[in-house]
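Remarks on the structure that follows.
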Amino acid sequence: MGEELKLLGAWGSPFSWRVEIALKMKGVKYEYSEEDILHNKSPALLKFNPVHKKVPVLIHNGKPIVESHVILEYIDETWKDNLILPRDPYKRAMARFWAKFLDEKCMQTLWKSCTSIGAEREKAHEEARLLLSTLEGELKGKKFFGGETVGFVDIMANFVGYWVGVIQEAVGADVLTEGEFPLLCKWAEEFQNRPVIKENLPPKDKFLAFFKVQAEMITSFYKNKREFWVFLGLWFDWVLCVCVMSFFAVIKVYSNGILGVCCFLIVIVRDNDESQFN
């Protein structure tokens, strides 16, 4: 009986695509199952990844492996041909470091720099440029992050090599440009043109259409969010004004009451004094 290998993924997910690239590079045959992660997660996904309920999930002989970077290392250790990670322990450690940097620092910031608006976008742009400058420096003197061939870091950086360019085109952003980051742009071109990558890229037209819809939804969200805060600000100003007016009204009533009591006491005291002298 042969090995059973199944991948639960989503066509637009850079995380799923990492696993597909690795399996294609290794020449490993697998069954692919498309997941509707936004609207209808399958019973299999909920069963095999009950903690995060996310793709990708690689199921090898009935045993699930989750998290894309963990799956990549599992694939590399299970199928030895065409190694993805370097053999040298130090280089392996550095590859893991850059993979962590890409996931924890770059991905969310690049996404925000392409999809946020106004002052938030400008702030995200500056943060993204600093991160991209770091990646640009790591590519000096190298064709790929790992040297002359596509490796672990390149696969982990696939969202920079393909996704960012498509998202920029869809939303009209300009975070990753050839003028500012020539090495990264050249790397992205080389990465996309590798046969194993090029033959398995998600369709650009489908991708563009998808992200244009996402961009419109996000823009609408920010617009509604801004209008909500404007309304909330006006409402707060009105409430504050009413509270201040009420406060002074109470003070006035209270003051008048005290004044009346004082006058009443003065009259009583004066009457008592007069009665003592009569």
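Values quoted throughout were computed directly from the atomic coordinates according to the rules given, and no laboratory measurement underlies them. Just so we're clear, the structure is a prediction, and the values are computed from it rather than from any experiment. Backbone-built Cβ (ideal geometry, glycine too); neighbour counts: all protein chains shown.
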Rounded if a/c under 1.5, otherwise prolate or oblate - the stretch 1-84, Cα gyration tensor axes: prolate
Value of Rg to Rh for the stretch 85-202 (Rh from inverse mean 1/r over Cα pairs, i.e. Kirkwood): 0.97
Segment Gln192-Ala44, length gained on full extension (0.36 nm per residue, minus Cα span): 50.1 nm
For Glu35, residues with placed amide H under 5 Å, excluding near neighbours: Gly9, Ala10, Trp11
Farthest toward positive dipole pole in the stretch 85-202 [+1 Lys/Arg, -1 Asp/Glu at C-beta], among Leu183, Phe152, Leu110: Phe152
Table column - 3J(HN,Hα) (Hz), the stretch 51-60, Karplus curve with 6.51, -1.76, 1.60, x for Gly and Pro: 6, 9, 6, 10, 9, x, 10, 9, 10, 10
Fewest-first sequence of Val70, Val175, Val196, Val19 by Cβ atoms within 10 Å of each Cβ: Val70, Val196, Val175, Val19
